[in-house]
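Input: a single structure, listed below in structure tokens.
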Amino acid sequence: MKEYEVMIESINPCGGARHAIKEFVDVETDSPEAYVRSNSPFPVMEITANADGDTVIITGNDAGYRKKYTFS
């Protein structure tokens, strides 16, 4: 299993990304996507990589609530 430092940003529709609540957790997993699918309250919407090569997974619902997971 790989070990990741994960930044989780909780974004609500009123505050947007500027006012996201951020937390950091250490995670051991073989698959970042599997980790998010089993730990997020929302379905996966998008999986990308940022400029640093980190895996970024965004989850959310139709009401505008989002959780953004950045695996470093």
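Scanning region 43-67 for residues that are assigned to a strand (DSSP E or B), free of Cβ contacts under 8 Å to residues at least 12 places away in the same chain and over 20 Å from Val27 (Cα atoms) yields a count of 0.
Against the definition (in contact with a Ser or Thr (Cβ under 7 Å, 6 or more places away or on another chain), surrounded by 10 or more Cβ atoms within 10 Å (Cβ to Cβ) and among the small types (Gly, Ala, Ser)), how does Ser40 come out, yes or no? Taking the combined requirement at face value, the residue satisfies it.
Of all residues in region 1-20, how many are assigned to a helix (DSSP H, G or I) and either touching a strand residue (DSSP E or B) at 6+ places or on another chain (Cβ under 7 Å) or modelled with pLDDT of 95 or more (or both)?
Start the filter on region 1-20 by keeping residues that are assigned to a helix (DSSP H, G or I), which leaves 17-19.
Subset that is either touching a strand residue (DSSP E or B) at 6+ places or on another chain (Cβ under 7 Å) or modelled with pLDDT of 95 or more (or both): 17.
The total comes to 1.
Checking region 21-32 against the condition returns a match, with at least one residue being more than 10 Å from the chain's Cα centre (by Cα), surrounded by 14 or more Cβ atoms within 10 Å (Cβ to Cβ) and not in a loop (DSSP other than H, G, I, E, B).
For beta carbons closer than 8 Å, sequence separation of 6+ or different chains, a first residue in region 30-41 that is within 13 Å of Ser10 (Cβ to Cβ) and a second that is surrounded by 10 or more Cβ atoms within 10 Å (Cβ to Cβ) and of a type in the set (Phe, Trp, Tyr), the qualifying pairs are Ser40/Tyr69.
The values are calculated or read from the model by the stated rules, or taken from the named source; none is laboratory data. Fair warning: this is a prediction, and the values are worked out from it, not measured in the lab. All Cβ positions, glycine included, derive from the backbone under ideal geometry; neighbour counts span all protein chains shown.
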